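Have a look at the structure below, then the notes.
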């Protein structure tokens, strides 16, 4: 599997994102799978930000640690990110007469890095173009470094500026300048040092493009979740700005003229939650989204939904806490909060997305479960999912199979005519799910009651009633546990990579007959790096096999691939553990991977079924896993690497590894 | 039973619940309960045609003392809950009931923004100038210096003038009434429900157990019907003046109404010209057109 990475760095507001997005879109259309990772600081201007694009002709879902091409908008980027380059990499910068430090020069020489200076200001001055056009110029140089045709870029700007002919013409001229930048014949003073050894010229070899990516979508988790929310029949969205939930609010607001959804920025998160619940109670579908601190404020409302049995959908976009924490970075530290938020005991559902695809597809399920079970549902996402760019098949979004299920909501005249007030919270209802009907319905009325109540919502402080109502509500939890999907098992062969072990071939893997060498268990965004890791691990094993055979004189056939199973949890509470227990009993080694310090899913698993993991890989430095660090940490290569080495790597990466 | 019958044949007994009232003798909530039922009946509304939202406090015990679709939620949050409900189905009149503790301390932010947003709901402030249900603590509306539970030497904080506060927010409907005048309260509530926008109704009510400073007798003595004296409720400045100054007499009735009021939902560009309500629109939406921008 080959992958090429481009990292664009600079001050916030300099155009890092515009160049990143333009390149991403162009590359996807040219036939590549692109993963875009945006990192930035919690400021508007001048903070250091980056946009990394990983590019491949195979499915990729995560970033690699080091890149082939680094584009620096300013000298801070050169100082900060130079060492992110791989050997033979290219640095493209626009800082006049930049002198590298001794250490950096040594790095450049030792790693045979090409340094390209682009005199952006001079070029723009010559063209009489505004500074903002520097973005197009830089994108165009990147484009030619990738050996792509300038026409592809022209097509992109034509879409954007087609209605402004003069500006479009200027964009074209900038693209032309950028494209010819590398083609000048004279020995270029811009390029230094002169390349040594074989080199690959100034061009970066992209893998062979593939038609299948051209028609796919390039979309962030937030945008996909917004579309999923619209698709699910949600008609009102209430929010309060908080990173990384804000991009969802922004996207849904921007979609208003198409969706006709009511979008309201409330005065605080409590209001957003209460308005959402009010709208749900009245009978529409509504949602709210926030991050950890805002969710803290919503927890009393979640508890109210529990006792009054009001459906509700809360989206919790995680960032590192505690407190204000690291607002623009990523984490999985709020799982236990979502599972236990709100006072008292009540049924709820907690689920998590992992990428843009399921950010779209789980939203219908979230609303359906909320209405069917009349419970609060929390959908977890992460900054790393919300703001990263994924390549997703269009068919994911055209899934006509997903339908609305409103559970025991009674809307028809006949059904309504048979109701009595006491049906609303009837404690004898099967599975604890009683009839629900809406204000305005011609039927006996009831009180949706946050006090403990009897069947029609009247106050009832008797012990007998309190017990019956608690049991009624908690019965829904048992019923829910039975219907939510089990975690999903992904193995080597399901990744559509030729399985090297014949034992893993064959139809389906749900009934895994054979032992696994390793069972990895995780949730959320980790799925992406884990699947890329498995893909890379197999690839390397396959690639190395002949090499090893030459060296060691062994035959490739004897070189057996590690059998890896990845169990991915989307539904986190209630927690299903049947499949996990079955698989772990067949695995030689179990590994838990999480983006938090305590191993929160591991804690829930131990609580629910007593299972302990052989190894835990936990990361809590505000960064999601990248494929390379997982590769180093898991070290599944045939010759096991010493534990001490793994620990050293772990420390270096700011990753905690326990047991 | 003392029922009044009006158009559509609804009678106040349609709203009667089997649950017994639990308020103290002489509590202003009895009057508020009676006037609310009466107003709904006189508006021609059957119990299934309204949503009544209750905050937590003594008044909240009304939630099972009458019928109608009701939601008894959290302390301080009733305005937001009711506003969200009203947006989802503008055809169902929504009334929100809350005390001065809930709405001038815990949830005062919601009041501020609901006035700004002009949600189409009626907000009834059960103003007894103290926290009754938690046994008589000072609220922001209790006169400074009154000896209250948790302030045995007298409260030391300034009192908020509720009317001055509300008028500062450019409201579209402000009324005041007194729990001892059920006829007036009924009329005020009817006008409030008919108003298109956020209707603020300040109900001065007796709390015989904890409020020794503004008793039923005191309110009976000081309140006067401003509308009967010819007050022009379209005049914002005059309305604010008579509402704020309660030193001699307390003006009651509909003090201010902006008849040009445009409620929140009608201000939303994306919803203009749409006849359906949000509650009618819950269906799967095909996003195949929307995804084109991502290709």
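Listed values, structure above:
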| item | result |
| --- | --- |
| Residue match in the range B:281-293 (condition: within 12 Å of chain A (Cβ to nearest Cβ), more than 22 Å from residue B:161 (Cα to Cα), in contact (Cβ under 8 Å) with a residue 40 or more places away in the chain and assigned to a helix (DSSP H, G or I)) | no |
| Residue in the range A:295-305 that is nearest to the other protein chains (Cβ to nearest Cβ), counting only those that are closer than 24 Å to residue A:426 by Cβ and crowded, with 24+ Cβ neighbours inside 10 Å | A:304 |
| Selection count where residues are under 41 Å from the mean Cα position of the chain (by Cα) and facing chain B (nearest Cβ under 9 Å), scope the range A:442-452 | 5 |
| Residue in the range B:20-39 that is in contact with a helix residue (DSSP H, G or I) (Cβ under 6 Å, 6 or more places away or on another chain), facing chain A (nearest Cβ under 7 Å) and at pLDDT 95 or above present | no |
| Every residue from the range B:163-177 that is over 13 Å from the mean Cα position of the chain (by Cα) and not in a loop (DSSP other than H, G, I, E, B) | B:163, B:164, B:165, B:167 |
| Residues located in the range B:240-252, provided they are over 16 Å from residue B:115 (Cα atoms) and outside any loop (DSSP other than H, G, I, E, B) | B:241, B:242, B:243, B:244, B:250, B:251, B:252 |
| All strands (runs of 3 or more DSSP E) inside the range A:43-97 with 2 or more residues being more than 24 Å from the chain's Cα centre (by Cα) and closer than 27 Å to residue A:33 by Cβ | A:67-72, A:85-93 |
| Subset of the range B:40-57 that is buried (at least 24 other Cβ atoms within 10 Å of the Cβ) and either in a helix (DSSP H, G or I) or at negative phi (or both) - its residue that is nearest to the other protein chains (Cβ to nearest Cβ) | B:51 |
| Selection status of residue A:528, farther than 30 Å from residue A:311 by Cα, modelled with pLDDT of 95 or more and either in a loop (DSSP other than H, G, I, E, B) or not assigned by TED's automatic domain parsing to the domain that holds residue A:358 (or both) | yes |
| Verdict on residue A:313 being surrounded by fewer than 23 Cβ atoms within 10 Å (Cβ to Cβ), more than 11 Å from chain B (Cβ to nearest Cβ) and closer than 26 Å to residue A:406 by Cβ | no |
| Given (1) free of Cβ contacts under 8 Å to residues at least 60 places away in the same chain; (2) over 20 Å from residue A:217 (Cβ atoms); (3) surrounded by 22 or more Cβ atoms within 10 Å (Cβ to Cβ), index of the condition residue A:101 fails | (3) |
| Residue within the range A:374-381 that is touching a residue at least 24 places away in the same chain (Cβ under 8 Å), farther than 25 Å from residue A:576 by Cβ, in contact with a helix residue (DSSP H, G or I) (Cβ under 6 Å, 6 or more places away or on another chain) and more than 14 Å from chain B (Cβ to nearest Cβ) present | no |
| Residue match in the range A:594-609 (condition: at pLDDT below 95, out of contact with any strand residue (DSSP E or B) (no Cβ under 6 Å at 6 or more places or on another chain) and assigned by TED's automatic domain parsing to the domain that holds residue A:627) | no |
| Among residues of the range A:404-415, those that are crowded, with 17+ Cβ neighbours inside 10 Å and either touching a strand residue (DSSP E or B) at 6+ places or on another chain (Cβ under 8 Å) or more than 9 Å from chain B (Cβ to nearest Cβ) (or both), counted | 3 |
| Search result, residues across the range B:253-279 that are surrounded by 15 or more Cβ atoms within 10 Å (Cβ to Cβ), more than 7 Å from chain A (Cβ to nearest Cβ) and either outside any strand (DSSP E or B) or free of Cβ contacts under 8 Å to residues at least 12 places away in the same chain (or both) | B:258, B:261, B:263, B:264, B:265, B:277 |
| Check on residue B:60, surrounded by fewer than 21 Cβ atoms within 10 Å (Cβ to Cβ) and in a helix (DSSP H, G or I) | no |
| Single residue of the range A:253-294 satisfying the filter (surrounded by fewer than 23 Cβ atoms within 10 Å (Cβ to Cβ) and within 21 Å of residue A:323 (Cβ to Cβ)) that is nearest to the other protein chains (Cβ to nearest Cβ) | A:268 |
| All positions within the range B:81-103 that are in a helix (DSSP H, G or I) and at the interface with another protein chain (Cβ under 8 Å from one of its Cβ atoms) | B:81, B:82, B:83, B:84, B:85, B:86, B:87, B:88 |
| Considering residues of the range B:143-158 that are free of Cβ contacts under 8 Å to residues at least 60 places away in the same chain and under 19 Å from residue B:57 (Cβ atoms) only, the residue surrounded by the fewest Cβ atoms within 10 Å (Cβ to Cβ) | B:150 |
| Residue match in the range A:144-161 (condition: farther than 28 Å from residue A:58 by Cβ and modelled with pLDDT under 90) | yes |
| Residue check, residue A:537 modelled with pLDDT of 50 or more and surrounded by 19 or more Cβ atoms within 10 Å (Cβ to Cβ) | yes |
| Filter result (away from chain B (no Cβ under 12 Å) and either modelled with pLDDT under 80 or outside any loop (DSSP other than H, G, I, E, B) (or both)) within the range A:204-221 | A:211, A:212, A:221 |
| Residue in the range A:163-172 that is in contact with a helix residue (DSSP H, G or I) (Cβ under 8 Å, 6 or more places away or on another chain) and within 14 Å of residue A:26 (Cα to Cα) present | no |
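The values are calculated or read from the model by the stated rules, or taken from the named source; none is laboratory data. The structure displayed is predicted, hence computed values, not measured ones. Backbone-built Cβ (ideal geometry, glycine too); neighbour counts: all protein chains shown.
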